[in-house]
Amino acid sequence: MGAGHDHALPASGNERALRWALALTASFLIAEVVGGVLTGSLALISDAAHMLTDAAALAIALVAIRIGKRVADSRRTFGYYRFEILAAAFNAGLLFAVAIYILVEAYQRLRSPPEIQSTGMLVIASIGLVVNLVSMQLLRAGQDSSLNIKGAYLEVWSDLLGSVGVIVGALIIRFTGWAWVDSVIAVGIGLWVLPRTWVLLRASINILLEGVPEGVELDAIRKALAQTAGVRDVHDLHVWAITSGKVSLTVHVVTDETAPDPLALTQHLRGMVAERFDIHHSTVQIEREPCEQAAGDHGYGVASPGAPAASPPEGHAEHAGHSH
């Protein structure tokens, strides 16, 4: 079932976009760091710090795609897809660390604002804005299909807003002389990044913990399986994602006397799950009596209340169907 359906990530396109974005980011990074130090602008240094994490994130994302292309072997039977999620979680950690540093540094500077060279600050931030706009456009297409690319996209997006903030701050300082505005802009950048970073980290952790993917209704899947003709009970139901867009399902199905041939029922259930829930990697085990996993199974991924939980005789599993 699910023939002709391709869930592979557009790795080649993502990799090309990442290479260009990394080249742009790395090229501008040195100039921004030097400029931030020379102008004395914390907001510019904050933007430079985010640009540094961008470069790291883009490099890690490229490595993740390269490693993810490796085929499955006897030690990694699912392949290396999950390296992408590790990269996304690492990127989120980097963003948290940078945001906290900027908040602490801004607090110290608010107590004693340094002299800011607004002209240099404005020029450098404007160049950074252009670089971020181009990088965002390169990464936009891949960010919906990959947490890895989404992490890099969010970091570039935060940098773009940071550049806008720095430009606004530079103009205010230039015409009013209010040096404290620089620290306020830096704090605003840090606070804006934190909640979006948390969303990325939460999504990464959910996949690493093999949680139910966002948008998948486990109760609806259980109900659809249980209402299939010939199905007496459903237990040991699990749905998780190996990486972005690669959802898997396993389930044990207990049949009654009206059930069709086990192979036919397995194919029907796999097809139904693929068509209704867009899950194309499924394993269905057909049983005449509940297996040992049904014992004490309450709630998600377990047998329905009242279902028999006795250990079945040898050979209880009629058919285990596996679909890619």
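Points to keep in mind about this one:
- The distance from the alpha carbon centre of the range 205-269 to that of the range 68-109 is 31 Å, rounded to a whole number.
- Taking PHE28, PHE277, PHE175 and counting other C-beta atoms within 10 Å, the order from fewest to most: PHE175, PHE277, PHE28
- At full extension, LEU208 and SER126 could sit 25.7 nm farther apart than now, given 0.36 nm per residue minus the alpha carbon distance.
- Within straight-line reach of LYS150, meaning a Cα separation under 23 Å, sit the following lysines at least 8 residues removed in sequence or on another chain: LYS69, LYS246.
- Sequence of THR39, THR228 once ranked by neighbouring C-beta atoms within 10 Å, starting from the fewest: THR228, THR39
- A straight chain from VAL63 to PHE78 at 0.36 nm per residue would run longer than the Cα-Cα distance by 3.6 nm.
- Per-peptide average of other Cβ atoms within 10 Å, ordering 113-126, 207-220 highest first: 113-126, 207-220
- Under-5 Å amide H pairs with VAL234, H placed in peptide plane, nonlocal only: VAL254, SER304
- In terms of packing, defined here as the mean over residues of other Cβ atoms within 10 angstrom, the peptides 101-112, 243-254 line up highest first as 243-254, 101-112.
Just so you know, all these numbers are worked out from the coordinates, no wet-lab data involved. A quick note: this is a predicted structure, and the numbers were derived from the prediction, not measured. Note that each Cβ is placed from the backbone with ideal geometry, even for glycine, and that neighbours are counted across all protein chains shown.
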